[in-house]
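Working notes, beginning with the structure itself.
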4 protein chains.
Amino acid sequence: VNPQDTATQTAPSLWRLLTSCADRPGIVAAISALLHEAGANIVSSDQYSTDPQGGTFYMRIEFRLEMDTAHRAQLEEQLASAAAPLAVQWRLWPARQPKRIAVLVSRSDHCLLELLWRWRRGQLNADICLVASNHRDLEREVQGFGVPFHHVPVSRETKPQAEEELLALLGDIDLLVLARYMQILSGDFLERCGVPAINIHHSFLPAFAGANPYERAKARGVKLIGATAHYVTEELDAGPIIEQDVIRVSHSHDVATLTQFGADIERMVLARAVTWHCADRVLAHENSTIVF
Amino acid sequence: VNPQDTATQTAPSLWRLLTSCADRPGIVAAISALLHEAGANIVSSDQYSTDPQGGTFYMRIEFRLEMDTAHRAQLEEQLASAAAPLAVQWRLWPARQPKRIAVLVSRSDHCLLELLWRWRRGQLNADICLVASNHRDLEREVQGFGVPFHHVPVSRETKPQAEEELLALLGDIDLLVLARYMQILSGDFLERCGVPAINIHHSFLPAFAGANPYERAKARGVKLIGATAHYVTEELDAGPIIEQDVIRVSHSHDVATLTQFGADIERMVLARAVTWHCADRVLAHENSTIVF
Amino acid sequence: VNPQDTATQTAPSLWRLLTSCADRPGIVAAISALLHEAGANIVSSDQYSTDPQGGTFYMRIEFRLEMDTAHRAQLEEQLASAAAPLAVQWRLWPARQPKRIAVLVSRSDHCLLELLWRWRRGQLNADICLVASNHRDLEREVQGFGVPFHHVPVSRETKPQAEEELLALLGDIDLLVLARYMQILSGDFLERCGVPAINIHHSFLPAFAGANPYERAKARGVKLIGATAHYVTEELDAGPIIEQDVIRVSHSHDVATLTQFGADIERMVLARAVTWHCADRVLAHENSTIVF
Amino acid sequence: VNPQDTATQTAPSLWRLLTSCADRPGIVAAISALLHEAGANIVSSDQYSTDPQGGTFYMRIEFRLEMDTAHRAQLEEQLASAAAPLAVQWRLWPARQPKRIAVLVSRSDHCLLELLWRWRRGQLNADICLVASNHRDLEREVQGFGVPFHHVPVSRETKPQAEEELLALLGDIDLLVLARYMQILSGDFLERCGVPAINIHHSFLPAFAGANPYERAKARGVKLIGATAHYVTEELDAGPIIEQDVIRVSHSHDVATLTQFGADIERMVLARAVTWHCADRVLAHENSTIVF
């Protein structure tokens, strides 16, 4: 857990450069020389190699540079030229530009409210553009935050149509968040959606994947319960983990109490995962994540 | 941290008996015999002696018993008779009767919202009867929860009048909660208020008592920051501690980030302290607490 | 986690009474009256009902009473008389009498050393009577503590004989501890052994039961790794959990580092589980534990 | 908490470069270009600026490079040339060269044993060269690890001579560790000693600095107790903090139990601080530390 200074995260002249490539000598030297010559002041830099011998090298650089559109195009051209011979993949993102988020939710309010609240306080580095739900329970709550709410009911029979409807609603978003959305999204939906999706699962994965984790935690007699935020893949509860946390419980807690304790962990874990993702701090590598 | 089953906490026939007295043999036998004869089924029982030789003995019993008013009066008479020779102080509270809470707050919303939110979900075992603030910032937010909001400005000159005004507002409450209320209440106010007051302090007390704890935590270079919920006494930040928690931080976090991280700890710690108090789980002993 | 005062745990006049029975009114009253009449001073009392309606009621009482052998026999007779009509199962244990422990270990020293060290400091409330291993690596280390070491090699072919040899060695013990013993004990062995066995598993069960948990934790990309102490049953890593704990890790940690971090969690978790068991604080209920 | 892969830490060709200077653009570019030209493969790189505007910039680079003595001298010359115009302070350390540690201790064994134990397992990246104590209690224990033990008694009157004797004993060390050494070292001693000293204090500083922290923690009724490893300065318990941790306690724990729980935290916190220091991961900045 190593978040950056929030105050500086959204300064107008702040940029984030993310790179990945096969690990080889000279990458840092090439990129940092290029940025230095462009007049950038590097604010923070994180790097990680999955294996110095033949692994993948990931880097995230935050730098300050006053750039207008033309200037930015020029820097991107220089990056492209430098990246090509080293086969570096890169992405430049202006820190002042919030990620556009759509949230899917069912009946539980705690994860959704935590996100809406942090969004209103300006802590997410993101815009929550819409909320869609297969139930109407949270409609008024969402509207109270000034966020559009869409009711998209789902049954076993209507799932394909419901997914079509959702896809049509999502529009131009950067991230989909499943804040206790109790429906399994099809692989087809995920692919056509085209942006990462973050789910919160109410257990410490890989323990208790699937349904009713608190009931199963009680039956197994675990002494800690947890929550896991992960990127959604087609396989249920099996995607790359972004963040996890746990809380101590005892024999004296029944399932209702575990559920209530767990809700606090769920919302903290999901909020951290979304915040980090929106700060371009999370990079997926195979089935795990690098969190800078 | 050992909360009881929430589901059972508010059952109509559930009662809580709290006792304290000089430790001596036979207390448990006397009380449990009395309850057994009255037909009570003891659901949970916690006890603690500050010192088996000459200490104080505290006990909290939850029991189920269908009682109408007459039946209750009879049980209380029996308790009084049994308690007198052993010099036991006792209190009987029906679990179904929520504590009446007034909240004081200044400009920060996070602790107040956490309480309002849990209250609305029925998790506090309490009613939030009113919110008073020396600022108007949170007025609309509070009213959105259907809770009366009172604006009671305070300046150095008007403090006595402001405290009078607050006292007049509070009415018949069981608990006062200071959810980041940035004013020091006078000893006179606390005494006349006549109910316990719980404050949340944004540090791990006794470290950084007083003003600007996050700034001082940054300057001291601590690796964990915390929050403390405590009963208010006339001496600032020195009353009996109910609950504390911490979160790991690093050199890379500036004061704004510490403040943001700390806010999450503050609201969890305050919510736990209020919940436990309202479940009659917290007993003050000298300058510390027993939390059953 | 609610250990008692260690200083008082071993006082000569301290006794522990453990009871279990179908939950019904009057148990506490009956037992506490009996102890009061016997002149006992109750130091601590914990109780738990798995369900006030038709569950099992567990109670652990620590009391002080100067008793010689005759006096003890008399109290046990009274307990038997009181217990019979309520169908209460009970056990009386003098706190001054340490549990007799045998430890099985393979090559890893960390869990074994943690136990030996705490034993030497008098913190276990137990005697470590012998250590047996399928390897000779730790022989000198164990002997340095003045504890007998037995080398009992095991191969697939010799497992039955090895288990016979172990059974013959164990003698009159109260507890068997598997401190990273990398052999699966047969159901037959466990039954004939006749005392509880505590195992430490190097993962947060039920995640990563079985072999190579740290490798699998790395592959799954979890953000916390853990350890679990549990009673051994015939099914591998599936017995009642006594204690668990976790530590935060990141993408930058390789399997060797996870193993090293995990070792610290393993030894703390095992030490706590053994300490609590030896203080008669752990009661197995179905496939979980009550830890008073 | 972000330790590196232990397996790679001691590879023969691994080097650590630490730099600090006033923050200004171009530092990373200059250093990384130089290392790239020298043929180094950067394994990890951490950097931190206390303030992008006018702060101090710290960097730690681990790189692999096969270098003989002549080659190393050449690289150091290049570093000196590059560093001078940017006013960069730097230090190059071969990862394979363990730090030489002297440990001071009084009567408590837990912190000392934790260090000796990890040292014997090869986990400290250091050599424990000698142990000195003002008591003889731990002499045999230390000698059992094959480490020289020196008894240097101290009384109020003999403190200056005792410090002289200690200074003569220390010899050519890189680090002094105070593993529960219950004597205050003079500023004169610290200065003449000439190497950093790490102390473990048995509280969560700045709470309970000075004597008897567990007694004071009990009296204050805190719900968490902790330990702090910090660099020693002339002012008692006020030097830069390297690491801290806490454990949850309750009203039921007496001072003896707090002391026992705290001992586990103390040894973990001290072991982490010493391990990180010996991996050149800790940089002091004013009265705090940067831990990479």
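The values are calculated or read from the model by the stated rules, or taken from the named source; none is laboratory data. For clarity, every value in this text was computed on a predicted model and none was experimentally measured. With ideal geometry, Cβ positions are generated from the backbone for all residues, glycine too; neighbour counts draw on all protein chains shown. Areas reflect the complete protein model, heavy atoms only, side chains present, ligands, DNA and RNA absent. Shrake-Rupley method; radii C 1.70, N 1.55, O 1.52, S 1.80 Å.
Details
So that you can scan it fast, the table gives a plain yes or no per residue for (1) within 13 Å of chain A (Cβ to nearest Cβ); (2) within 27 Å of B:P12 (Cα to Cα):
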| position | (1), (2) |
| --- | --- |
| B:E76 | no, yes |
| B:W93 | no, yes |
| B:N125 | yes, yes |
| B:T158 | no, no |
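- Residue in segment C:187-195 that is touching a strand residue (DSSP E or B) at 6+ places or on another chain (Cβ under 8 Å), surrounded by fewer than 24 Cβ atoms within 10 Å (Cβ to Cβ) and within 14 Å of chain A (Cβ to nearest Cβ) present: no
- Here B:W117 clears all of (1) open to solvent by 10 Å² or more (accessible area, probe 1.4 Å); (2) under 25 Å from D:K223 (Cβ atoms); (3) in contact (Cβ under 8 Å) with a residue 12 or more places away in the chain except the condition numbered (3).
- Test: residue in segment B:49-58 that is among the hydrophobic types (A, V, I, L, M, F, W, C) and surrounded by fewer than 20 Cβ atoms within 10 Å (Cβ to Cβ): no
- Among the conditions (1) more than 21 Å from the chain's Cα centre (by Cα); (2) open to solvent by less than 50 Å² (accessible area, probe 1.4 Å); (3) aliphatic (A, V, I, L, M), the only one that D:V103 does not satisfy is (1).
- Which listed residue, of D:E215, D:E235, is more than 20 Å from D:L185 (Cα to Cα) and either of a type in the set (D, E, K, R) or surrounded by fewer than 24 Cβ atoms within 10 Å (Cβ to Cβ) (or both): D:E215
- Summed over segment D:34-45, residues that are under 21 Å from the mean Cα position of the chain (by Cα) and surrounded by fewer than 22 Cβ atoms within 10 Å (Cβ to Cβ) total 1.
- Only listed residue being within 18 Å of A:L224 (Cα to Cα) and either facing chain A (nearest Cβ under 9 Å) or of a type in the set (D, E, K, R) (or both), chosen from C:I247, C:I225, C:I265, C:I241: C:I241
- Flag if A:S106 is over 25 Å from A:L14 (Cα atoms) and in contact (Cβ under 8 Å) with a residue 60 or more places away in the chain: yes
- Residue among A:P85, A:P148 that is of a type outside the set (A, V, I, L, M, F, W, C), away from chain B (no Cβ under 14 Å), more than 24 Å from B:R118 (Cβ to Cβ) and more than 23 Å from the chain's Cα centre (by Cα): A:P85
- In the set A:A102, A:A87, A:A126, A:A132, only one residue is closer than 14 Å to A:T275 by Cβ and among the small types (G, A, S); that residue is A:A126.
- Among (1) within 14 Å of chain B (Cβ to nearest Cβ); (2) on the phi < 0 side of the Ramachandran plot; (3) out of contact with any Asp or Glu (no Cβ under 6 Å at 6 or more places or on another chain); (4) surrounded by fewer than 21 Cβ atoms within 10 Å (Cβ to Cβ), the one test that D:Q143 misses: (1)
- Cβ pairs under 9 Å, 6+ apart, first in segment A:211-223 and closer than 12 Å to C:F204 by Cα, second open to solvent by less than 30 Å² (accessible area, probe 1.4 Å) and charged (D, E, K, R): A:K223/C:E243
- Count - residues of segment D:269-280 that are within 14 Å of chain B (Cβ to nearest Cβ) and surrounded by fewer than 21 Cβ atoms within 10 Å (Cβ to Cβ): 1
- Condition check for C:S20: at pLDDT 95 or above, assigned to a loop (DSSP other than H, G, I, E, B) and small (G, A, S): no
- Under the condition of being in contact with a helix residue (DSSP H, G or I) (Cβ under 7 Å, 6 or more places away or on another chain) and closer than 30 Å to D:G221 by Cα, the residues counted in segment D:255-284 number 14.
- Check on C:I31, touching a residue at least 40 places away in the same chain (Cβ under 8 Å) and buried (at least 17 other Cβ atoms within 10 Å of the Cβ): yes
- Within segment C:174-184, the residues that satisfy the criterion of being surrounded by fewer than 21 Cβ atoms within 10 Å (Cβ to Cβ) and closer than 23 Å to C:A126 by Cα are C:D174, C:L175.
- Look at segment C:176-197: where a residue is of a type in the set (D, E, K, R) and a partner is assigned to a helix (DSSP H, G or I), sitting 6+ places away or on another chain with Cβ atoms under 8 Å, you get C:R180/C:H110; C:R180/C:C111; C:R180/C:L112; C:R180/C:E266; C:D188/C:E163; C:R192/C:L167.
- Restricting attention to segment A:128-137, the residues that are in contact with an Asp or Glu (Cβ under 9 Å, 6 or more places away or on another chain) and surrounded by fewer than 21 Cβ atoms within 10 Å (Cβ to Cβ) add up to 2.
- Criterion: open to solvent by 10 Å² or more (accessible area, probe 1.4 Å), more than 30 Å from A:G122 (Cα to Cα) and aromatic (F, W, Y) - qualifying residue of B:F292, B:F261: B:F292
- Taking segment C:132-148 as the range and being out of contact with any Ser or Thr (no Cβ under 7 Å at 6 or more places or on another chain) and either part of a loop (DSSP other than H, G, I, E, B) or over 28 Å from C:D280 (Cβ atoms) (or both) as the test, the residues that pass are C:R136, C:D137, C:L138, C:E139, C:R140, C:E141, C:Q143, C:G144, C:F145, C:G146, C:V147, C:P148.
- Any chance D:E163 is away from every other protein chain (no Cβ under 14 Å), in a helix (DSSP H, G or I) and surrounded by fewer than 20 Cβ atoms within 10 Å (Cβ to Cβ): no
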